[in-house]
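Student: If you scroll down you'll find the structure; I have some questions about it.
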Amino acid sequence: MQVGIVGKPNAGKSTFFSAATLTLVPIANYPFTTIKPNHGISYLRTQCIHTELGVEDNPQNSKCIDGERFIPIDIIDLPGLVPGASEGRGLGNQFLDELRKADALIHVVDASGSTNSEGKLTQPGAHNPVDDVVFLETELKMWMLRIVGKDWEKTAKKTELAGEDPASLVAERLSGLGVNKGQAENGIKKANLRGKPSAWTKEDLLKLVDIIRKETKPLLLAANKIDLPTSTGNVNRLKQMGELTIPVSAEAELALRRAAEKRLIEYKPGDPDFRVLGAVSPEQKAALEMIREKVLKPIGSTGVQACINSAFLNLLNMIVVYPVENPEKFSDHDGNVLPDAYLVPNGTTLKELALKIHTEIGEQMLYGINARSGMRLSDNYVLKTQDVVSIVSAAKRA
């Protein structure tokens, strides 16, 4: 699963990306600083199960820090989007091509209203960030409409003559975006589209692709620059739009992570506060205190980690599970305790997890074991969050 960081130029996307990944990318206060997508690894933060089980863990595919498991996830910083992107304006074509790979979107919005629709600097509060949300969702709809609607009437008539399901045609058109037939069928049903598909209007198709986009590429709003005075009222306006909205200061998060990297402070992504470890200059101390007073105290964190967690746990509805080989010791074959933490979609079966770990293990799976209770599990057992399971296979045990 991959999450895309989207938004207009100069809204703070690249700062958010750098803060989330500590990857060096160009950051400047002019449009189109990001001209090529930046890929990076961030981490989902969740309570580690080892404290509940009363064991010391040895993570292999993730990290455990102070009882918190940090699981690597893939994010991508996409070029800024401006009005007309669906028709190729700005870096629209490049943005939309990369967007195909994203499963969910974090829309970084300049909540302070200090950049206009083109991403150019203006007086704080002069621009309404609600307009940025409307524009981005409109561009996404128009982009998908161009894909679905090309020669629609002609192609739909052929589908009708062949007696084929219109959902198959929609799914085929949007297959490059990862849309399957079931999602297309659901979209058609929710859009209440009836009759011959060749008679569906542009408005019908717009309604359809909007529904499909929200299901296949859900988004949340990262209301950035929350430390600026003009942001507070705008955050409330953004929340009224109905999308999951999280107040954020990407600059504060980046500053804290860099300070922690240099061992100036003790801080983990998502913490509500930090602790100074060593000597800091008066300037550094003043900057840190400003972050504490203007960001951490008012909103409880910088919001960056909250966005990452929400993208995977809420938008994508994923859960964390721990596969082990030895259910009694909660370990793998090398003795590593709780070695791996897997993020899987809610509703994943034990068989599907086995196939994810290794095709051969999944294909020759015999049964599973709940490592907490020792109970045997069938291959169609639906995993629950924080499950610790052992998979017994004719090929190998995991």
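Okay, residues lined up against (1) over 30 Å from the mean Cα position of the chain (by Cα); (2) under 30 Å from S310 (Cβ atoms); (3) at pLDDT 95 or above; (4) outside the structural domain of T46 (by TED's automatic domain parsing):
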site: G335; (1), (2), (3), (4): yes, no, yes, yes
site: A341; (1), (2), (3), (4): no, yes, yes, yes
site: T359; (1), (2), (3), (4): no, no, no, yes
site: T385; (1), (2), (3), (4): no, yes, yes, yes
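Student: Also, quick follow-up: Here are L353, L296: which of them is touching a residue at least 12 places away in the same chain (Cβ under 8 Å), under 25 Å from E56 (Cα atoms) and in a helix (DSSP H, G or I)?
Tutor: Criteria check complete, one pass: L353.
Student: Tell me, which residue of the range 305-344 that is within 30 Å of P247 (Cβ to Cβ) and free of Cβ contacts under 8 Å to residues at least 60 places away in the same chain is surrounded by the most Cβ atoms within 10 Å (Cβ to Cβ)?
Tutor: Out of the qualifying residues, it is V344.
Student: Output the residues belonging to the range 192-223 that are under 30 Å from V235 (Cα atoms) and assigned to a loop (DSSP other than H, G, I, E, B).
Tutor: Selection gives K217, P218.
Yes or no, residue by residue, for (1) modelled with pLDDT of 95 or more; (2) more than 16 Å from R258 (Cα to Cα); (3) aromatic (F, W, Y); (4) outside the structural domain of E68 (by TED's automatic domain parsing):
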| site | (1), (2), (3), (4) |
| --- | --- |
| P282 | no, yes, no, no |
| E289 | yes, no, no, no |
| T302 | yes, no, no, no |
| L338 | yes, yes, no, yes |
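Student: Being modelled with pLDDT of 90 or more, out of contact with any strand residue (DSSP E or B) (no Cβ under 6 Å at 6 or more places or on another chain) and in a loop (DSSP other than H, G, I, E, B) is the filter; apply it to the range 50-94 and report the residue that is surrounded by the most Cβ atoms within 10 Å (Cβ to Cβ).
Tutor: If we take residues in the range 50-94 being modelled with pLDDT of 90 or more, out of contact with any strand residue (DSSP E or B) (no Cβ under 6 Å at 6 or more places or on another chain) and in a loop (DSSP other than H, G, I, E, B), then P59 is surrounded by the most Cβ atoms within 10 Å (Cβ to Cβ).
Student: Inside the range 356-371, can you point out the residues that are in contact (Cβ under 8 Å) with a residue 24 or more places away in the chain and of a type in the set (S, T, Y)?
Tutor: Within the range 356-371, just Y367 meets the criteria.
Student: Let me ask something else. How many of the residues in the range 239-258 are at pLDDT below 95 and among the hydrophobic types (A, V, I, L, M, F, W, C)?
Tutor: Of the residues in the range 239-258, 1 are at pLDDT below 95 and among the hydrophobic types (A, V, I, L, M, F, W, C).
Student: Within the range 361-378, restricting attention to residues that are outside any helix (DSSP H, G or I) and crowded, with 17+ Cβ neighbours inside 10 Å, which residue is modelled with the lowest pLDDT?
Tutor: M365
The values are calculated or read from the model by the stated rules, or taken from the named source; none is laboratory data. Computed from a predicted structure; not experimentally measured. With ideal geometry, Cβ positions are generated from the backbone for all residues, glycine too; neighbour counts draw on all protein chains shown.
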